[in-house]
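What follows is a single structure, written as structure tokens, with notes after it.
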């Protein structure tokens with residue numbers, strides 16, 4: 001049986017189990033490791049994190065969280081600071097729920113974490129990258145399976161399923177002062193080889209507007 005066929009068979013069972021496990025749980029705790037929406041940058045731990053730089057300018061390297069003011073503010077007034085896990089404390093690298101990830105903290109002018117972006121890494125090894133679309137349901141289970149508003153787009157011209165699966169989904173939810181957006185895609189363009197496809201999950205967690 002081909003790898004993508006096996007993935008198509010097990011995906012439904014994996015996602016159902018994750019949702020059932022979370023069904024009786026309410027969200028609590030941090031959003032990512034020691035980080036939660038609303039925490040002051042000054043309260044973030046210095047240990048365990050590395051590779052700080054401005055998301056808008058990868059050449060602008062930072063030494064610590066405290067350098068967040070060196071990043072330019074976006075049109076939303078937030079400063080986007082890219083970061084990773086320190087290899088000394090995370091032997092598998094920057095991985096979230098088993099998925100190699102790109103992490104961004106969005107910091108307001110008061111020095112508060114007003115948002116987080118978690119994106120699956122498109123440069124991950126193939127056997128990990130082809131599972132990236134499964135990260136979306138993991139996030140939804142983390143914040144509770146109820147209350148999500150989801151839309152599934154239809155294939156555009158030239159878009160084809162991968163291993164019998166086509167995903168172009170966007171889900172939103174508000175919970176405990178957070179506005180969540182989970183976007184995930186799995187498809188390939190006509191004519192692409194088996195190793196060329198789009199497989200990704202993008203998660204945005206923002207402080208909800210009052």
Inset, instruction - May I have the pair-distance distribution P(r) for the range 31-121, computed from all Cα-Cα distances with 10 Å bins from 0 and rounded to whole percent? - result: 18, 55, 26, 2
Inset, instruction - State, to one decimal in nm, how far the label point of residue 42 lies from the label point of residue 152, with both points 7 Å from Cα in the Cβ direction. - result: 4.9
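Determine the relative contact order of the chain: mean sequence separation of Cα pairs under 8 Å and six or more apart, normalised by residue count, in whole percent. Don't skip to the answer; put the middle values down first.
Details: 401 pairs, mean separation 39.4, N = 210.
Answer for the chain is 19 percent.
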Inset, instruction - Compute the acute angle (0 to 90°) between the alpha-carbon long axis of helix 3-22 and the principal axis of greatest extent of the alpha-carbon atoms of the chain; round to the nearest 10°. - result: 50
Inset, instruction - Taking P(r) over Cα pairs in 10 Å bins from 0, in percent as the quantity of interest, determine which of (1) 7, 23, 26, 18, 9, 7, 5, 3, 2, 0; (2) 9, 33, 31, 19, 8, 1; (3) 8, 31, 34, 21, 5, 0 was computed from the displayed structure. - result: (3)
Legend entry - Added length on full extension, which subtracts the Cα-Cα distance from 0.36 nm per residue, residue 179 to residue 160: 3.7 nm
Inset, instruction - Please work out the ratio of the alpha-carbon Rg of the range 86-144 to 2.2 N^0.38 Å and round it to two decimals. - result: 1.29
Legend entry - CD proxy at 222 nm, helix term only [per DSSP H run n ≥ 4: -39500 (n - 2.57); per residue of the chain; nearest 500]: -4500 deg cm²/dmol
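Report the extension gain between residue 51 and residue 128 in nm, rounded to one decimal, defined as 0.36 nm multiplied by the number of residues separating them, less their alpha carbon distance. Mind dumping the intermediate values first?
Numbers: separation 77, 0.36 × 77 = 27.72 nm, distance 2.19 nm.
Once the chain is fully extended between residue 51 and residue 128, it gains 25.5 nm.
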Legend entry - Mean separation of Cα contacts under 8 Å (6+ apart) over length of the range 31-121, as relative contact order %: 27
Legend entry - In nm, spacing of pseudo-spin labels at residue 64 and residue 109 (7 Å Cα→C-beta vector): 2.6
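Any read-out appearing in this document is the output of simple, stated calculations on the displayed coordinates, not a laboratory observation. None of these values were measured; they are calculated from a predicted model. Methodologically, a virtual Cβ is constructed for each residue, glycine included, from the backbone with ideal geometry; neighbour enumeration extends over all protein chains shown.
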